[in-house]
1. Just checking, does the range 84-94 include any residue being exposed (fewer than 13 other Cβ atoms within 10 Å of the Cβ), over 21 Å from G180 (Cβ atoms) and at pLDDT below 95?
2. Between a first residue in the range 100-117 that is part of a loop (DSSP other than H, G, I, E, B) and a second residue that is of a type outside the set (G, A, S) and surrounded by fewer than 17 Cβ atoms within 10 Å (Cβ to Cβ), which pairs have beta carbons less than 8 Å apart while being 6 or more apart in sequence or on different chains?
3. Looking at L122, L192, L113, L132, can you tell me which residue is farther than 25 Å from G38 by Cβ and either in contact with a helix residue (DSSP H, G or I) (Cβ under 6 Å, 6 or more places away or on another chain) or among the aliphatic types (A, V, I, L, M) (or both)?
4. Wholly within the range 132-199, which strands (runs of 3 or more DSSP E) include no fewer than the required count, namely at least 1 residues that are over 18 Å from the mean Cα position of the chain (by Cα), surrounded by 13 or more Cβ atoms within 10 Å (Cβ to Cβ) and free of Cβ contacts under 8 Å to residues at least 24 places away in the same chain?
5. Within the range 138-151, does at least one residue satisfy the condition of being at pLDDT below 95 and either touching a His at 6+ places or on another chain (Cβ under 9 Å) or small (G, A, S) (or both)?
6. In the range 44-60, which residue that is part of a loop (DSSP other than H, G, I, E, B) and touching a Gly at 6+ places or on another chain (Cβ under 7 Å) is nearest to G181 (Cα to Cα)?
7. Select from the range 56-83 the residues that are of a type in the set (V, I, T) and surrounded by 13 or more Cβ atoms within 10 Å (Cβ to Cβ) and list them in ascending order.
8. Is one or more of the residues making up the range 78-88 in contact with a Lys or Arg (Cβ under 6 Å, 6 or more places away or on another chain), in a strand (DSSP E or B) and under 30 Å from E158 (Cβ atoms)?
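The values are calculated or read from the model by the stated rules, or taken from the named source; none is laboratory data. Since the structure is predicted, the reported quantities are computational estimates derived from the model, not experimental observations. With ideal geometry, Cβ positions are generated from the backbone for all residues, glycine too; neighbour counts draw on all protein chains shown.
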Amino acid sequence: MKIKSLLILLFSLNVIVLSAQNGYPAYGAPKVNRWTFGIKSGVNVSDISNYPLNITTRSKTGFHFGFTGDYILSDNIYFQPSLLLCGKGAKGNYIVPKEDYRPAFTAEKTINLYYLEIPLMLAYKIPVTDILKIGLQFGPTISIGIFGKTKDEALGQEMFSSDSFQKKYGFERADFGIGGGVTAELFKHYRLGVSYTKGLSSLQDQIGSKEDPKNTNIAFSLSYMF
């Protein structure tokens, strides 16, 4: 599965590079400032599909913050890389079986995964009015896990806590995904966006189960371009 994800990523990067090579102005044309940079932040609604250990997960709210850029490839086509601190993960409940000395009870697991995330999007911008453009985005995402805690709680007390990316029974740090989204660009500086990212690589290798858990994330973003 990792090989398939890597091939998809390399193919997407190749498309971006070829597009960029075709985007330079003709010889003798005036120089154009093709780069625009800005800051980006927002809210994540994340989950982990096919999580093992008989736990049915539900979405967890997180955040993202960092830097983004715009590179003009042609009149309406842009390359949009970003560098973000991105909080993902999931929550889920499970039943702890009864013992001779106590009844069964419900525990909650909270999985916090914080990534350094690099979306590499191609965007097509549609001019609507003089002050509004709608952008359609699609491309690969590279994520590297940097920190996070997984904890179990029950009856108002913490039962267990561990590093989410620990070497034994932890999650894989490297995650590859594919995503897309829509943005509304106002006055050339402000952007409101919503995007969806689906992980392509399994997080299970260090967990030791036969399931195939993967990150999913919906992001609501606000950006300001300088």
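1. Checked against the condition, which is being exposed (fewer than 13 other Cβ atoms within 10 Å of the Cβ), over 21 Å from G180 (Cβ atoms) and at pLDDT below 95, the range 84-94 yields no hits at all.
2. That search, which allows pairs on different chains as well, returns A104/I95; A104/V96; A104/P97; A104/K98.
3. Every option except L113 fails the conditions.
4. Counting at least 1 such residues, we get 157-163.
5. Taking every residue of the range 138-151 in turn, none turns out to be at pLDDT below 95 and either touching a His at 6+ places or on another chain (Cβ under 9 Å) or small (G, A, S) (or both).
6. The qualifying residue nearest to G181 (Cα to Cα) is Y51.
7. T57, T68, I72, I77
8. No, every residue in the range 78-88 fails to be in contact with a Lys or Arg (Cβ under 6 Å, 6 or more places away or on another chain), in a strand (DSSP E or B) and under 30 Å from E158 (Cβ atoms).
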